[in-house]
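Peer 1: Before I ask anything, let me first share the structure, which is written out below as structure tokens.
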Amino acid sequence: TIGIGSLGHLGMTLLERKGDFKMTHVPYNGGGPSMNAALGGQVDMIIGSAALVSPQVSAGALRPLLQTGDARLPNLAETPMAKEAGFPDLQTENWYGMVAAAKTPPNIVAILNKAAVEAMKDPDVKDKLAAQGATLVGDTPEHFGAYIASETKKWADVIKQAGVPVQQ
């Protein structure tokens with residue numbers, strides 16, 4: 001993976017738990033070194049983002065095994081989803097979001113949310129991010145807050161199972 005505590009590391013731990021098998025975690029210092037290890041045959045597989053693996057899959061240098069999101073990515077359309085491969089609860093998606101300070105007035109939050117949602121509707125923005133494997137959501141602050149809470153709980157459990165050390 002790209003490192004200890006990374007989404008790939010946690011996704012691997014979740015896959016082990018759901019599949020009832022064990023893999024050896026080999027942490028690298030980022031996507032480049034992990035990709036080099038996969039391309040050079042030092043590791044049997046990597047777990048990486050679509051942005052990391054898609055160029056090598058397109059070039060025929062890597063063979064995709066499965067996707068762990070909730071919908072197939074257009075640039076990996078032939079790659080089965082984890083749920084299709086017998087892992088219905090295996091969802092590991094790298095997501096990004098916009099947040100504001102807790103005491104930001106609601107009217108400012110609404111203005112920022114509206115601007116972000118409008119930007120995500122722009123065809124150039126959509127195309128650029130889709131080429132990198134991103135799926136844009138653009139919903140309400142309340143929905144995003146609930147999503148953050150559910151992801152926090154889910155990954156806290158996986159972090160404990162993975163034995164990821166607390167860093168201070």
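Peer 1: Tell me, what % of the accessible area of the range 87-168 is carbon and sulfur with a 1.4 angstrom probe?
Peer 2: Carbon with sulfur: 61 percent of the solvent-accessible area.
Peer 1: Additional query: Given 5 Å bins starting at zero, what is the percent of C-alpha pairs of the range 26-85 in each, up to the one with the largest pair distance?
Peer 2: Each 5 Å bin holds this share of Cα pairs: 4, 19, 31, 23, 16, 8, 0.
Peer 1: Say a paramagnetic label sat at a point 7 Å from the Cα of LYS114, along Cα to Cβ; which residues of the range 133-162 have their backbone N under 19 Å from it?
Peer 2: What the label zone holds, given the 19 Å backbone N cut-off, is 138-144.
Peer 1: Same structure again: Pull out a ≥ b ≥ c, the square roots of the eigenvalues of the alpha-carbon gyration tensor of the range 1-100, then state rounded if a/c is under 1.5, prolate if not and a/b is larger than b/c, and oblate in the remaining case.
Peer 2: Here the range 1-100 falls in the rounded category.
Peer 1: Calculate, for the chain, the solvent-accessible area per residue in square angstrom, rolling a 1.4 angstrom probe over the heavy atoms of the protein chains.
Peer 2: 66
Peer 1: Now a separate question. So if each residue of separation counts as 0.36 nm, and I subtract the Cα-Cα distance between ALA37 and THR135, what length gain in nm does that give?
Peer 2: Answer, rounded to one decimal: 32.5 nm.
Peer 1: Out of the range 4-45, which trypsin sites (Lys or Arg not before Pro) are coil in DSSP terms and have no more than 13 other C-beta atoms within 10 Å?
Peer 2: When the trypsin sites (Lys or Arg not before Pro) of the range 4-45 are filtered for loop state and at most 13 Cβ neighbours within 10 Å, LYS22 remain.
Peer 1: At 7 Å along Cα-to-Cβ for each site, give me the label-to-label distance between ASN29 and ILE148 in nm.
Peer 2: Label-label distance for ASN29 and ILE148, simple model: 3.2 nm.
Peer 1: Hey, can you rank 47-54, 143-150 by average C-beta count inside 10 Å, highest first?
Peer 2: So the peptides 47-54, 143-150, ranked by packing, come out 47-54, 143-150.
Peer 1: Hey, another quick one. Specify whether the C-alpha gyration tensor of the range 122-162 places it in the rounded, prolate or oblate class, a ≥ b ≥ c being the square roots of the eigenvalues: rounded for a/c under 1.5, otherwise prolate if a/b is larger than b/c and oblate if not.
Peer 2: Oblate, since a/c reaches 1.5 and b/c is not below a/b.
Peer 1: Regarding the range 61-162, what is the average projected area of its C-alpha convex hull, in nm²?
Peer 2: 8.7
The values are calculated or read from the model by the stated rules, or taken from the named source; none is laboratory data. Just so it is clear, the model here is predicted, and its values are computed rather than measured. Methodologically, a virtual Cβ is constructed for each residue, glycine included, from the backbone with ideal geometry; neighbour enumeration extends over all protein chains shown. The protein model used for the area step is the full one, side chains on, heavy atoms only, and it has no ligands, DNA or RNA in it. Shrake-Rupley method; radii C 1.70, N 1.55, O 1.52, S 1.80 Å.
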